[in-house]
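The values are calculated or read from the model by the stated rules, or taken from the named source; none is laboratory data. Bear in mind that the values here come from a model prediction, so they are computed numbers and not experimental data. For neighbour counting, all protein chains shown are included, and Cβ atoms are generated from backbone atoms with ideal geometry for every residue, glycine included.
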Amino acid sequence: MTNNTQQARRRFLKGLGVAGAVAAAPMAAPALASSMRSDGVKWDKTVDIAIIGSGFAGLAAGIEAKRQGANNVTIFEKMPVFGGNSAINGGLYAAPATPMQKEKGVQDSVERMVADQMKAGRGIADEGLLRHVAEHAMEGLQLAIDAGAEFHPYLQQLGGHSVPRTYQTSVSCGAGITQPLLKQARKEGVETINRIKFDGFVLDKDGKVEGIKLKRGYYFGEEDSGTEFFVRATRGVIMATGGFAQNVNLRMAQDPTLTAEVGCTNAKGATGEGMFEMFRLGAIPVHMAHIQSGPWASPDEGGFGYVSNYSIFNFPHSIAINRMTGERFMNEIADRKTRADAELNCRDAEGKPLPPIMVTSWEHAKQHPNAKKVLKYGVGWKFDTLEALAKHFDVPLKPLQAQIEQYNQYVKSGVDEQFGKNMGKAKGKYIQAPFSVVRLWPKVHYCQGGVQITKEAKVLDSFTGKPIPNLFAAGEVTGGVHGVSRLGSCSIPECVVMGMTASRSIMQA
């Protein structure tokens, strides 16, 4: 790679606004180190495959690499604990034509799942990648189950999905998958090292990725911590470093409304420096401006919290109410962007945010394991009468009464005449006392943007249009897969399947 080429790439990034975002990055987003030549490098360690990141994608990649015959595989994690952002997500996994769907009489297919995702993607999702993930989603789910992951004995129908196809871990969070996968990876012989930060690529004389530069003994937030550590990867490097939702300056560069005042469900380490370093090599930035907010989040708790999974479970048989009008304002199981935008439009008379409420019958709400927790920790409320509910949230009572009566007619008829909500999961579940209520307000949750990859998980070069030699990526660090809006429960299958795919591609080369 010539100096002229490197300068051209820097100008290319600057033109996209990426360089400026990096320069202005807050303390949570460390300054980037540039990649370097391997001439004169003293390698501290040599492996077949180096994996950066220990979330769903990294762990699946590690397991599959060993099963494909790799001798030395190491997962490097910059944070003090393994699992990354994956460990604190909702633990929701969508797959078509699964055993539980067959058991419950749900008709589904790869084609149907892809069609749902393409619709949510607003015409710019990558159909080829979505199809690849859907075709292997059951295989990825089986990987997790075989490793020891346990799931609730029911399926959920999340927003934008035309049928119930979503499994959820029995602990209702991603750790129910990452912990079994971590244990299985170690059992397979994968080495795992934490507090070791990726600090750049090491390239051979032809510009091929030969290895990586790291900081060992690194403490997140202390950018001067750690000592240089060089790892040679003879077969390749898999980047599984996740998204950039915690990099406030970068997300504001894409959407100025996503300030530090906007909550975020992601782990603190989701800052994007691994993605930036791939851009420096020439990787193609795709869909950086599409940043998704979760419409199931609560303004009354930090991070993902208890309300998120509670809301996801209850939306199909609940109503979302605008507190100014006492009426519904959206299809409660529309895709995430549709709902998040609708919630952000809920304002008081002065135009200030007025978080809407989700009203559920306690009889049905209590079936979710988080129901008692939202009450215990003061992020949810229970009311014996509609009058008490309306008074507490200053909602006009008569319109609210009329809305509930109207909605209950939809439950009875099976047709939502207001917003076209699929009432299949609401059958027989009327809104009646006692009531359970939570407040809703979107939080930054997922970055659709990242580096462009092929179906083989190869990272494409923006200058040649060909894969960057020995460089692979999987999970949220990649971009263009989901388009404008990602459907809930589709990130875990993407991460697991593409992690497995990356290792297969490396070992089959």
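Looking at the range 443-456, I want the residues that are aromatic (Phe, Trp, Tyr) and have a partner that is assigned to a strand (DSSP E or B) with Cβ atoms under 7 Å, at least 6 apart or on another chain. Which pairs are those?
TYR446/GLN292
Residues in the range 63-82: is at least one touching a Pro at 6+ places or on another chain (Cβ under 9 Å) and buried (at least 19 other Cβ atoms within 10 Å of the Cβ)?
Initial filter on the range 63-82 (touching a Pro at 6+ places or on another chain (Cβ under 9 Å)): none.
Taking every residue of the range 63-82 in turn, none turns out to be touching a Pro at 6+ places or on another chain (Cβ under 9 Å) and buried (at least 19 other Cβ atoms within 10 Å of the Cβ).
Which numbered condition trips up LEU182, out of (1) of a type outside the set (D, E, K, R); (2) more than 16 Å from GLY62 (Cα to Cα); (3) assigned to a helix (DSSP H, G or I)?
Every condition holds for LEU182 apart from (2).
Does LYS427 satisfy being within 26 Å of THR360 (Cα to Cα) and basic (Lys, Arg)? Spell out the reasoning first.
Numbers: within 26 Å of THR360 (Cα to Cα): yes; basic (Lys, Arg): yes.
Judged against the criteria, LYS427 is a match.
So, of the residues in the range 63-77 that are in a loop (DSSP other than H, G, I, E, B) and in contact with a helix residue (DSSP H, G or I) (Cβ under 9 Å, 6 or more places away or on another chain), which turns out to be nearest to LYS183 (Cα to Cα)?
So in the range 63-77, the residues in a loop (DSSP other than H, G, I, E, B) come out as 68-72, 77.
After this cut, where a residue has to be in contact with a helix residue (DSSP H, G or I) (Cβ under 9 Å, 6 or more places away or on another chain) as well, the list is 68-70, 77.
Working: GLN68: 18, GLY69: 19, ALA70: 18, GLU77: 15 Å.
Among residues in the range 63-77 that are in a loop (DSSP other than H, G, I, E, B) and in contact with a helix residue (DSSP H, G or I) (Cβ under 9 Å, 6 or more places away or on another chain), the one nearest to LYS183 (Cα to Cα) is GLU77.
Take PHE393 and tell me if it is modelled with pLDDT of 95 or more and touching a Lys or Arg at 6+ places or on another chain (Cβ under 8 Å).
So PHE393 fits the description; yes.
So which pairs qualify, if the first residue must be in the range 315-337 and of a type in the set (A, V, I, L, M), the second must be modelled with pLDDT under 95 and crowded, with 24+ Cβ neighbours inside 10 Å, the Cβ gap must be under 6 Å, and the two must be at least 6 apart or on different chains?
Matching pairs, first to second residue: ILE333/GLY159; ALA334/GLY159.
Quick check on the range 222-242. Is at least one of its residues crowded, with 20+ Cβ neighbours inside 10 Å, within 30 Å of LEU440 (Cα to Cα) and not aliphatic (A, V, I, L, M)?
Yes, the conditions are met somewhere in the range 222-242.
Can you report the number of residues in the range 247-268 which are part of a loop (DSSP other than H, G, I, E, B) and either aromatic (Phe, Trp, Tyr) or crowded, with 22+ Cβ neighbours inside 10 Å (or both)?
So the answer is 4.
What number goes with the only condition from (1) crowded, with 18+ Cβ neighbours inside 10 Å; (2) outside any strand (DSSP E or B); (3) at pLDDT 95 or above that GLU111 does not pass?
The one condition GLU111 does not meet is (1).
Of everything in the range 98-108 that's in a helix (DSSP H, G or I) and without any contact (Cβ under 8 Å) to a residue 24 or more places away in the chain, which residue is nearest to the chain's Cα centre (by Cα)?
Applying the filter and picking the extreme gives PRO99.
(1) at pLDDT 95 or above; (2) over 23 Å from ASP126 (Cα atoms); (3) crowded, with 23+ Cβ neighbours inside 10 Å: which one isn't true of ARG323, the others all being true?
(3)
Checking the conditions here, which among GLY207, GLY159, GLY128 is under 26 Å from ARG339 (Cα atoms), assigned by TED's automatic domain parsing to the domain that holds ARG37 and touching a residue at least 24 places away in the same chain (Cβ under 8 Å)?
GLY159
Within the bounds of the range 483-505, is there any residue that is surrounded by fewer than 24 Cβ atoms within 10 Å (Cβ to Cβ), of a type in the set (Ser, Thr, Tyr) and touching a Lys or Arg at 6+ places or on another chain (Cβ under 7 Å)?
Within the range 483-505 (the criterion being surrounded by fewer than 24 Cβ atoms within 10 Å (Cβ to Cβ), of a type in the set (Ser, Thr, Tyr) and touching a Lys or Arg at 6+ places or on another chain (Cβ under 7 Å)), the answer is yes, since at least one residue qualifies.
Taking the residues in the range 311-343 that are among the aromatic types (Phe, Trp, Tyr) and part of a helix (DSSP H, G or I) as candidates, determine which candidate is nearest to LYS372 (Cα to Cα). Explain how you work it out, then say what you get.
Step one: of the range 311-343, the residues among the aromatic types (Phe, Trp, Tyr) are 313, 315, 329.
Filter once more, so that each one left must be part of a helix (DSSP H, G or I): 313, 315.
Working: PHE313: 14, PHE315: 17 Å.
By that ranking, first place goes to PHE313.
Does the range 344-364 hold any residues that are in a helix (DSSP H, G or I) and either under 25 Å from the mean Cα position of the chain (by Cα) or not assigned by TED's automatic domain parsing to the domain that holds HIS392 (or both), and which are they?
Across the range 344-364, the qualifying residue is only LEU344.
I'm trying to understand the selection: among the residues of the range 120-148, which are among the aliphatic types (A, V, I, L, M) and either assigned to a helix (DSSP H, G or I) or in contact with a Lys or Arg (Cβ under 7 Å, 6 or more places away or on another chain) (or both)?
Residues satisfying the conditions are ALA120, LEU129, LEU130, VAL133, ALA134, ALA137, MET138, LEU141, LEU143, ALA144, ILE145, ALA147.
So which of LYS183, LYS187, LYS208, LYS197 ends up being of a type in the set (D, E, K, R) and buried (at least 20 other Cβ atoms within 10 Å of the Cβ)?
LYS197
Looking at ALA433, ALA426, can you tell me which residue is small (Gly, Ala, Ser), in the same structural domain as ARG347 (by TED's automatic domain parsing) and within 29 Å of PHE304 (Cβ to Cβ)? Spell out the reasoning first.
Working: ALA433 fails: within 29 Å of PHE304 (Cβ to Cβ).
So the residue among ALA433, ALA426 that is small (Gly, Ala, Ser), in the same structural domain as ARG347 (by TED's automatic domain parsing) and within 29 Å of PHE304 (Cβ to Cβ) is ALA426.
If a residue has to be in contact (Cβ under 8 Å) with a residue 12 or more places away in the chain and outside any strand (DSSP E or B) to count, how many in the range 465-481 make the cut?
The first filter runs over the range 465-481 and keeps only residues in contact (Cβ under 8 Å) with a residue 12 or more places away in the chain, leaving 467-481.
Filter again for outside any strand (DSSP E or B), leaving 474-477, 479-481.
So the count comes out to 7.
Can you say whether TYR167 is in the same structural domain as VAL484 (by TED's automatic domain parsing), buried (at least 19 other Cβ atoms within 10 Å of the Cβ) and either touching a residue at least 60 places away in the same chain (Cβ under 8 Å) or part of a loop (DSSP other than H, G, I, E, B) (or both), as far as the supplied structure shows?
Against the criterion (in the same structural domain as VAL484 (by TED's automatic domain parsing), buried (at least 19 other Cβ atoms within 10 Å of the Cβ) and either touching a residue at least 60 places away in the same chain (Cβ under 8 Å) or part of a loop (DSSP other than H, G, I, E, B) (or both)), TYR167 qualifies.
For LEU258, which of the numbered conditions (1) assigned by TED's automatic domain parsing to the domain that holds GLN156; (2) closer than 30 Å to GLU417 by Cβ; (3) not polar (S, T, N, Q) fails to hold?
(2)
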